[in-house]
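Structure first, commentary second.
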Amino acid sequence: MHEVIQAVREVIPQDRLFLVRISNWGVVDMDVELFTKTEYQEVIRLFSKEPIDAVSVSTYDYRQRAFGTDKNMAQITREATTLPILICGKVHDRSSAEEALRDADLVLSAKSILLNPQWVEDVRSGKSLPARKSEEANIAYTETPLV
């Protein structure tokens, strides 16, 4: 890991952020955990020693409790690092984004943005938006243009 991060850091311009993305869930099998809490936090601590700018934590649902604890992935990550934390997973409107920001420094959204070209404006205006399902976003991964 150290060698890869060092090699990548060397080619990233200094005015660009270098983020590392990590996930603990299996896309095909949602019940699969890739780490134990101890293993996960050790990886995060190792990342923290590297020349990266932030950790992007990929989750299916930012609220979901992890590793059999009462904490979500952002909270568990925060216990292991002082680096900025990005979180994703069912961030679909202003309310969910503000809730996720209680535990992370930046929130990410994908399905909602892919399926709603007005998403940024809708969030700015505080519009209540539906949480999207993965199946709905499948159209965004085809050769058929969205109209």
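In segment 113-137, the residues that are closer than 15 Å to ARG94 by Cβ and free of Cβ contacts under 8 Å to residues at least 12 places away in the same chain reach residues that are open to solvent by less than 100 Å² (accessible area, probe 1.4 Å) and in a loop (DSSP other than H, G, I, E, B) with C-beta atoms within less than 8 angstrom, at least six apart or across chains, in these pairs: TRP119/SER109; TRP119/LEU129. Against the test of being of a type outside the set (A, V, I, L, M), open to solvent by 60 Å² or more (accessible area, probe 1.4 Å) and within 24 Å of SER134 (Cβ to Cβ), the options ASP29, ASP15 yield a single qualifying residue, ASP29.
Residue pairs, Cβ under 7 Å, 6 or more apart or interchain, first in segment 1-19 and within 19 Å of SER56 (Cβ to Cβ), second assigned to a loop (DSSP other than H, G, I, E, B) and among the aliphatic types (A, V, I, L, M). List them. Hits for this filter: ILE5/ILE52; PHE18/ILE12; PHE18/ILE52; LEU19/ILE52. One residue stands out among those in segment 86-107 that are open to solvent by 50 Å² or more (accessible area, probe 1.4 Å) and either free of Cβ contacts under 8 Å to residues at least 12 places away in the same chain or not polar (S, T, N, Q) (or both): the one that is nearest to GLY126 (Cα to Cα), which is ARG94. Within segment 57-79, if we keep just the residues that are of a type outside the set (Val, Ile, Thr) and buried (at least 19 other Cβ atoms within 10 Å of the Cβ), the residue that is nearest to ASP122 (Cα to Cα) turns out to be TYR62.
Of the listed requirements (1) at positive phi; (2) at pLDDT 95 or above, ALA80 misses just one: (1). Being at pLDDT 85 or above, within 16 Å of the chain's Cα centre (by Cα), surrounded by fewer than 16 Cβ atoms within 10 Å (Cβ to Cβ) and of a type in the set (Lys, Arg), is that true of even one residue in segment 116-133? So far as segment 116-133 goes, no, none of its residues is at pLDDT 85 or above, within 16 Å of the chain's Cα centre (by Cα), surrounded by fewer than 16 Cβ atoms within 10 Å (Cβ to Cβ) and of a type in the set (Lys, Arg). Per the conditions (1) at pLDDT 95 or above; (2) on the phi > 0 side of the Ramachandran plot, the sole criterion not satisfied by THR69 is (2). Looking across segment 34-56, the residues that are in contact with a helix residue (DSSP H, G or I) (Cβ under 9 Å, 6 or more places away or on another chain) and either under 15 Å from ALA104 (Cα atoms) or surrounded by 12 or more Cβ atoms within 10 Å (Cβ to Cβ) (or both) come down to LEU34, PHE35, LYS37, TYR40, GLN41, ILE44, LEU46, PHE47, GLU50, ILE52, VAL55. What are the pairs, 6+ residues apart or on separate chains, where a residue within segment 53-68 that is free of Cβ contacts under 8 Å to residues at least 12 places away in the same chain has its Cβ under 8 Å from a residue that is surrounded by fewer than 17 Cβ atoms within 10 Å (Cβ to Cβ) and outside any strand (DSSP E or B)? From residues that are free of Cβ contacts under 8 Å to residues at least 12 places away in the same chain, the pairs are ARG65/LYS71.
The values are calculated or read from the model by the stated rules, or taken from the named source; none is laboratory data. Predicted model only: the values in this text are computed from it and were never measured. Neighbour counts are summed over all protein chains in view; Cβ atoms, including those assigned to glycine, are modelled from backbone coordinates with ideal geometry. Note: accessible area is taken over every heavy atom of the protein model, side chains too, but ligands, DNA and RNA are not part of it. Shrake-Rupley method; radii C 1.70, N 1.55, O 1.52, S 1.80 Å.
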